[in-house]
Each structure stands twice: as structure tokens, then as C-alpha cells.
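Below you'll find the structure, written out as C-alpha cells, and then a few comments.
The values are calculated or read from the model by the stated rules, or taken from the named source; none is laboratory data. Computed from a prediction, not measured in an experiment: that's the story for all the values here. Cβ sites come from the backbone with ideal geometry, for glycine too, and all protein chains shown count toward neighbours.
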Amino acid sequence: MERRTFMEIIGAGSLILPPLACGLRRPVAAGPTFLDGIATTCELCPNKCSVLAVVKDGHITKLNPNPDNPKSRGMLCARGNAAVQQVYDPDRLKQPLIRVGARGEGKWRPASWDEAFDYTAKKLSDIKAKHGPEGTLWSSTEGFQEIFFKNLGQAFGSPNVMRHPSLCLASVNLAYSMTYGTVPSFDLLNADYVIMAGANRFESIITPDTMDLIGGTMERKAKLIYLDPRFTVTASKADEWYPIKPGTDMAFILAMMNVIIAENRYDKAFLESETVGFEQLVEHVKPYTPEWAEGETEIPAQDIARIARAFADAAPRAVFYAGRRSSWYQNDFQMRRAQALLNAIVGNWDRQGGMVPNQKIAKGEFLVLPWDDPKAARVDEVEKAFPLASAKDGVYLPLRENLLKGQPYPVKGWMIYKQDPLHALPDQGKTMKMLDQMEFVGVIDIAMSDTAWYADVVFPESHYLERTDPIEVMPGIWPAAVYRQQVVKPIHDTKPCLEIAQGLAKRLGLSDYFDYTIEQWVEAEAKELPIQNGLEHMKQRGVVAVSQPKYGTTRNPVHRFLTKSGKIELFSDRLKEAGHDPLPVYTPPVQPSGGRFRLVLGRKATITHATLTNLPWLHEHNPENDLWIHPEPAAKLNIQSGDLLEVSSSVGQVRIKARVTQEIRPDCVFMLHGFGKKSPWLKRVHNVGAADSVLLETAWDKVSGNAAMHETFVKVVKA
Amino acid sequence: MATKSVKTAQRYAMVIDAKKCINCKACVVACKAENQVPLGVFRNWIDEETSGEYPHLRMSFDPEQCHHCADPSCVRVCPTGASWQREDGIVLVNEDDCIGCKYCIIACPYDARYHNPETHTVGKCTFCSHRVDRGELPACVETCPSKVRVFGDLNDPKSQLHQLLATRRYEVKNPQTGNGPQLYYLL
């Protein structure tokens, strides 16, 4: 795609990107060589924005946004800009380390790569000899090189390859898949009416949604209705903010459906031709009146009814936005299902401004030698306990429970890539026990995370700006394929994940499965990109994109949805067969009592998950986390801003400073993620503030197994 | 909108649509990176204001930086001539001539200047003149996710900046100082 075309299309739709100012050259100039800098792809969060790295004398001086990528909408956020500092961070991991003291004591011996590989391979082989390959766990979070890590675990023979979705968006993905057979995107660039519940899009940046929503609400005057127990930046930009009682979102959604159906505001023709189970839904939502929902949600019935009418009237340019991190409550899957049904009945499916099935970009595949399927079943027993969930991703918290019990078999080796389970999983104490009972723990990361601090071997990965990675396809309304290429050579003794996997594979007798270079891998992928000289193009521009949204491709009589019935399943037989509610049934959440508060979590645009808080340019903006508490309960507890508090749950206790603020419901407290680190190598946040994972209790969604992180009640007292 | 001082081909200025600001700090970090600004001091920043009582709350963000005034008091008070103004309106500090007396810091109505603890000279927003001279946008403008800032030439009637000022209501901050600030905040 030529940039010019993209600008025309954007201009022809509704305006988001302003015309570029006053004839300035970049980013207007066309032609293959206009880019000032090396095109690559950011890795500071999962959005994969395209960047142009400016290099002077072998040193990266600046990262600029690459406007070629329609998904990143010509921007680079604070984190993306701070990546330069990550490369030259004096505290980053610079060479392999082998533990010499007790775990967590911080005594390390710098090791050569050969030594670290030999040591690790021996440990893994010993565990394999004693417990079989299933005695090892391979857990990772999202990344372009994650595939090599996963492949190593699988080639080793372990069924226990544990990915991140059950700590993230497993419930929302499953809910939309069970309903539509796919997970769609939401066309915020063109929607006229948007409802968001807890999806704090202006602080938790998701491309292109965040930028499209700003354009939508500020330029086109689209309506934004926002539900959140906190007054977030998104709340401040919304037309209406409701501090909904936590855990009651489903009541709000069911009542909206009640109104839309009772008043015949639904899309009758669409429901008749494309869905199954509308009759059952009609009966199902009858008791869920707005008056009833008011009692649950604390949102006035007349507002719920008014919003329902306005939503239906604005359809198909109206969406109830799905949200991203959907690890909230134990009914999360069913709540997201309710959203999916609400979207279905107003017929916003595959319409401009509605909910749109993703387009993809074709790419080639490098074929690796296939390995045998693992002999053992997964230790998390996902197939048995969560038959509808993604077995290849696994369910993290049930896995931890089983592992601690040694059921159904012992797991004694843990390899971790790019993840910090001590912060990513609720109940840090339990994760620590899981670490303790491991005979071997190996971590691959770029910084000394808390989990790395407790590991036996730490492998330093090269920074994204020092690596070439596989080509990644980002499906969407504006899909793109992006390329991450090496900008500078590694400045320390680090390796990319592929070479780490190869080093281990060689010593584990698995070299045949890794008999390739990253260049060969990328070349195979680039061959089938929908552009001539794909690899050359990627090296020059870093991105191939389709800028033309396609609406309505699935709106034809021959289209079959990838569901059992081939239609959108309002009523789900598969859920019924699996023993779950075939339509979302509301159960009131347990509310905190005895002076306790519900601990709620959220994100900020300068922090990714529990990482980046140690980077100076970002740390300046969040030097420490604090506990948000409403003035009313604060007064009762004699708490003032800045007071040191002791916060405790049934599983842990932390000390954290108070922030008395109007910006939260009186029955909730909030803290940012990414503080209270145990690793002294994260010196700016080591023992600074508190880690929410210490307090969070173990709970999960019943259908997807997704962690339920808003189910913890805490006691707050002055320390 | 014409300014009194402009006789040259270009007069750079900035329009700020603060309502679109989400306080994400992209502009602040981009500026740090582009201009090697030390920790603890800033060439641009975002003022936050929250008011009201739960649940009737309001929050607003105001991106701030040097206003590149038409008649800048910082330049007037500088005893060495280190603070100076280009013909296109960009106000700069010539580090070689700066003695770190900080008169300009006091004279600036916008608190937009800082003392650089490493060089003991005064630093400030340059509108990324080095980028502008190469035909690029200032780093903060280019990187902004919600495109709050619009940079451009007041004298170019075709520029988006010019068009915004011709069609939208706006204000400048502290107009009473007589400095003629060139940051235009859309209302």
C-alpha cells in the first residue's frame, strides 16, 4: 500500500489523522527511500507499532513513528519513545548468569553461553529422566520470538506449554468465538455510539482503538458511555460516566437487551436470517428490567432505558466494546457473552461503525520438522476442566493449583520467557511456593525481573532494537504485517530467543528442529506477502498494510459462521452440553463486608503490565504507586493522603501510601501494577510502593479459566 | 490572525486542542529523547486539573511548553544575548553565550525555562528547530497519539494551523503580559 492511498482513505472516511502541517517533508514525501531511519516494530507493549529508528555513529538517538502502519495511526507513545533508554539501561542483563547462593539471595556467577546452556540442558535432562518431559513447564508471554520458545518446549516433549491468555483476554475471546465463531474488531473510527465498561482506552492504549476513539468523541462528536468504578481519563472524556457497582456489568447489559427487545428496537431481519436462539433470548431477558438492574448496578433505571434506546437507534453504528484484559470476575465469560448478544440484536455485525470481522494479511510459513505429540496430558487438565477453552494456551491458575499438589504428576522444571509470573499471576505467595518446589528455573528476559531474581539461570535476551524477529500479522479492520529488524548490533553479550533455543536444542539433542536461521525464517514468510519483493519492502518500510476496510463481506446468504449451527449463536447448545448456562444468567457478585474494600486494577499509558516502571523517563511520571481510597471511608479510618497504610487480604499484606481521592467508588480501592519489586536490579522500584499480586487471591472464570482479578477484598488500616 | 512582528516568509506557531489530550506523556518522553533533556526538568509538560465531587467530577489536561512569543520577555532580559529569536519566530538559547543567570527563567510568564543541572545553562523548547529545518515536525507533534498539537506556519494560508485559527475559537494564555504568545489553545 502506498501511504498516499492510506491518507486518501482515511480522509474519505471520517477524519482522524489531521492533514500534515505546512508542507513539512516528513512524513509526506513518497517513494521507497523517504524514511529517515531504520524501519522496525516496537516491543514495549503488545500493540506492535511501526517505528523508524534514527542511528548516528552506531548509537540509536531517537525513535519516530512510522506513518506507514495504519494500525499505529502515525504515533509512538511514551513507552515506545523510552525504548532507547532500555537499550542503554545500565541495569539490563548483560551476560548469562548462574545462581551461586540461595534462591533470591542475589549471588550470581557470570557465565559463558556454553556454560549456561550446558548447565540448563543437564538440569532439564535430569528432570526428564526422572519425571518425563511432562515434568517441565514452559511459560511465556506474547512476543514475536515466543514461537521459538514454545517450539523448544514442544520438541522437548512437554505438553505443558503455558501461554498468557488466561491472564489476559481468554474470556472475551472465548465468549465472542462461541457466539460468532470469531473475535471481531470494533470500528471506533466510524461508530456513533460507544459503550465501554472498564475498558479504559485512554490510559490503556490499544491501537488503533485509542486514537480512533479520541477522533470519534472529539472530532465527530460520537457518544461515549463509560462504566467504571474509577474516574479514569476515559471517564473524563466520556459523555456519561457511571461508577457502576463492580461485578454488575452483566445486569446493565441484560437490562439493555430487555428494553431493546420489549420496545421492538432490535434488527428483526438480521436476527431472523443470521442467528439462532432469539426466541429463547426474548424469554430469558424478560425478568431483567431496568428497574431490577438499578438495584444491582446503582445506575438509575431511566438512564439504562435511555442508553438502551439511544444505542439501538444509533445501530448499526453503535457498539458495546468488548474490552481487552478481561480477567475480572468468575462470571467473566458470561458477561462478555451478554455483550456479544447485545451487539448481535442491534445488527451491528459487519457494518461500518459496528463490529467487524478481522481481515488478515497473507504471509508465508517456514516449515519446521514436526515433533511427536506429547505422550502425557497437560498438567492443568484443561481439556477436562475447561473443555471449551484453548487447550494450547492452557489455564494458568488451575495449573498452579495442580502443580502445587503434584497432581496429576510432578512438574519440577520451569522455563520462562519474557514473563514475570511473580507479578503476572495473582497471589505472589503461591507463585513463590511454586518456584520453591521447582528443581530448576530458567528465565529468558532483558531485565532482572522478580522471577529472574529467583531463578537458577538467567539468559539475557537481546533487546528488540538489537534483533531481527519473525514477521507478525496483526488482523483487524486495518490489518497489517509488520517486521522487526535489527537496528544496532547487541551491545552486550546477549542473544535473541531463537539462538537461546538453538543453544539449548543442540545440547538436548533437538537440533534438527531448529536447523535454520532467522533470515531463512523471515524469507519464507516474506515470500507470500501480498506485495512484490516482500522482504526488500519490509526492510525498507517495515510494514505491509491494507488500508481499505471491508464491510459486509460476511453479510450474504451463503456465509457460514464458524459455529456449530453456522449462525450467530444467541442460545448456545455447546455451552449447554458443556454444563454451562446457554444464555447468560446473572448472579449477584459477593460484595465486601466488615469494612473491607474491593481491590480493582487498571492500567496507565506509561506502564506495560508490571514492566517498564524502572525506566527513568517513565519512572519520572510514576515514581511510586499508591492506594486510591475515597474520602468518605478515608475519613472514617482517619487516613490522609501520604499516610502509610497496611493493606491485607486473605493471602497477603503490603504497605503502601494513601491517595485520598474523589476518583473512586467508596467501596473500592485501586493501585497501579508494576511496583513493590523484589529485584534490586530494578532499583527505582525495588521495595518502592506495593505489588498488587501479593494481595490478589486465586479465582478464575468458570468457563474460560481466565484469572478473576477483581474478586479480592482487602482490609485497610494505617500502618 | 496576523501577528505584528511577522515580516518574514515564515512564522511558526502551534495550535493545541487540549480536549483531545489524554495525558499519556508521549510528547514529554519524545521531547526528552529528541533533545537529551536531563531527568527532573522538562521542555514540555501537561498540567492536570481535577475538580468536583464524586460522582460529578471533571478532569482537564493542558499541554504546556514555551509559547515562542512575538515579543518575548526572556529575550529582552537576557544580559548576554544568549536568548534570541529567529526570524521565523522560534525562541532559542545559545548555550555558548548563556551564563546561567536565570533572569529569563523569572521573566518567562509560562515557567517554560529550566536550569540544566548538567551544563549550568538554561534550556527550553526549541520547537525542535533542528527537525523543522530538515522539513520535519517537532518530536512532540509527530509522536502524539491523539494529535493534540498542530504545528505550522501562520503565514501560510493553506496550512492546517492557519485554517484552524480561521475557523475555530481559541485563546492564548496570559495575553496581558504583552508577550504575544504563539501557542493557540482551541476552545
Those strands (runs of 3 or more DSSP E) lying entirely in the stretch B:3-85 with at least 2 residues under 23 Å from residue A:201 (Cα atoms) and of a type in the set (A, V, I, L, M, F, W, C): B:44-53, B:56-65
Members of the stretch A:505-523 found to be part of a helix (DSSP H, G or I), of a type in the set (A, V, I, L, M) and over 21 Å from residue A:464 (Cα atoms), listed by number: A:505
Residue that is farthest from the chain's Cα centre (by Cα) [pool: residues in the stretch B:129-165 that are facing another protein chain (nearest Cβ under 7 Å) and among the acidic types (Asp, Glu)]: B:156
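Kindly provide the set of residues from the stretch B:15-26 that are touching a residue at least 40 places away in the same chain (Cβ under 8 Å), at the interface with chain A (Cβ under 10 Å from one of its Cβ atoms) and touching a strand residue (DSSP E or B) at 6+ places or on another chain (Cβ under 6 Å), ordered by number. Spell out the reasoning first.
Of all residues in the stretch B:15-26, those touching a residue at least 40 places away in the same chain (Cβ under 8 Å) come to B:15-22, B:24, B:26.
Imposing the further condition that a residue be at the interface with chain A (Cβ under 10 Å from one of its Cβ atoms) reduces the set to B:15, B:17, B:19-22, B:24, B:26.
The answer is B:15, B:17, B:21.
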Failed condition for residue B:124, given (1) surrounded by fewer than 16 Cβ atoms within 10 Å (Cβ to Cβ); (2) charged (D, E, K, R); (3) at pLDDT 95 or above: (1)
Count of the stretch A:399-423 residues which are over 15 Å from residue A:158 (Cα atoms) and surrounded by fewer than 22 Cβ atoms within 10 Å (Cβ to Cβ): 6
Residues that are more than 14 Å from chain B (Cβ to nearest Cβ), part of a loop (DSSP other than H, G, I, E, B), touching a helix residue (DSSP H, G or I) at 6+ places or on another chain (Cβ under 6 Å) and not aliphatic (A, V, I, L, M), drawn from the stretch A:641-685: A:649, A:652, A:673, A:678, A:679
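Considering only the stretch B:42-78, how many residues are aliphatic (A, V, I, L, M) and facing chain A (nearest Cβ under 10 Å)?
Quick first cut of the stretch B:42-78, residues aliphatic (A, V, I, L, M) only: B:46, B:57, B:59, B:70, B:75, B:77.
Then keep just the ones that are facing chain A (nearest Cβ under 10 Å); that gives B:46, B:57, B:59.
Residues that pass the stated criteria total 3.
For the stretch A:406-463, name all the residues that are on the phi < 0 side of the Ramachandran plot and among the small types (Gly, Ala, Ser).
Just the residues of the stretch A:406-463 that are on the phi < 0 side of the Ramachandran plot, to begin with: A:407-417, A:419-426, A:428-463.
Selection gives A:413, A:424, A:429, A:442, A:447, A:449, A:452, A:455, A:462.
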Residue A:605 vs. criteria exposed (fewer than 14 other Cβ atoms within 10 Å of the Cβ), within 14 Å of chain B (Cβ to nearest Cβ) and among the small types (Gly, Ala, Ser): no
Search result, residues across the stretch A:522-568 that are among the β-branched types (Val, Ile, Thr) and either within 23 Å of residue A:366 (Cα to Cα) or in contact (Cβ under 8 Å) with a residue 40 or more places away in the chain (or both): A:522, A:531, A:543, A:544, A:546, A:553, A:554, A:563, A:568
Residues of the stretch B:100-127 that turn out to be assigned to a loop (DSSP other than H, G, I, E, B), β-branched (Val, Ile, Thr) and without any contact (Cβ under 8 Å) to a residue 40 or more places away in the chain, as a count: 2
Positions within the stretch A:232-251 being away from chain B (no Cβ under 11 Å) and assigned to a helix (DSSP H, G or I), in sequence order: A:249, A:250, A:251
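So, residue A:428, is that one free of Cβ contacts under 8 Å to residues at least 60 places away in the same chain and more than 22 Å from residue A:510 (Cβ to Cβ) or not? Let's see the steps before the verdict.
Working: free of Cβ contacts under 8 Å to residues at least 60 places away in the same chain: no; more than 22 Å from residue A:510 (Cβ to Cβ): yes.
No: the conditions fail for residue A:428.
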Exclusive hit being of a type in the set (Gly, Ala, Ser), within 24 Å of residue B:28 (Cα to Cα) and at pLDDT 95 or above, set B:146, B:83: B:83
Those strands (runs of 3 or more DSSP E) lying entirely in the stretch A:7-125 with at least 1 residues at the interface with another protein chain (Cβ under 9 Å from one of its Cβ atoms), modelled with pLDDT of 95 or more and touching a helix residue (DSSP H, G or I) at 6+ places or on another chain (Cβ under 7 Å): A:59-65
Of the criteria (1) farther than 30 Å from residue A:203 by Cβ; (2) modelled with pLDDT of 95 or more; (3) part of a loop (DSSP other than H, G, I, E, B), which one residue B:130 fails: (3)
Qualifying position, being among the aliphatic types (A, V, I, L, M) and touching a strand residue (DSSP E or B) at 6+ places or on another chain (Cβ under 9 Å), among A:235, A:255, A:251, A:262: A:235
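If I filter the stretch A:640-647 for residues that are under 26 Å from the mean Cα position of the chain (by Cα) and not assigned by TED's automatic domain parsing to the domain that holds residue A:326, do I get at least one hit?
Looking only at the stretch A:640-647, we keep the residues that are under 26 Å from the mean Cα position of the chain (by Cα), and these are none.
So far as the stretch A:640-647 goes, no, none of its residues is under 26 Å from the mean Cα position of the chain (by Cα) and not assigned by TED's automatic domain parsing to the domain that holds residue A:326.
Okay, residues lined up against (1) surrounded by fewer than 22 Cβ atoms within 10 Å (Cβ to Cβ); (2) not assigned by TED's automatic domain parsing to the domain that holds residue A:68:
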residue	(1), (2)
A:469	no, no
A:473	yes, no
A:478	no, no
A:482	no, no
A:509	yes, yes
A:518	yes, yes
A:522	no, yes
A:526	no, yes
Pairs with Cβ under 9 Å, 6+ apart, first in the stretch A:634-650 and within 17 Å of residue A:667 (Cβ to Cβ), second among the aromatic types (Phe, Trp, Tyr): A:647/A:597; A:649/A:713
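Which one of A:346, A:395, A:379 is buried (at least 23 other Cβ atoms within 10 Å of the Cβ) and either under 25 Å from residue A:525 (Cβ atoms) or not assigned by TED's automatic domain parsing to the domain that holds residue A:128 (or both)? Reasoning before the result, please.
Details: A:395 fails: either under 25 Å from residue A:525 (Cβ atoms) or not assigned by TED's automatic domain parsing to the domain that holds residue A:128 (or both); A:379 fails: either under 25 Å from residue A:525 (Cβ atoms) or not assigned by TED's automatic domain parsing to the domain that holds residue A:128 (or both).
A:346 is the lone residue from the list that is buried (at least 23 other Cβ atoms within 10 Å of the Cβ) and either under 25 Å from residue A:525 (Cβ atoms) or not assigned by TED's automatic domain parsing to the domain that holds residue A:128 (or both).
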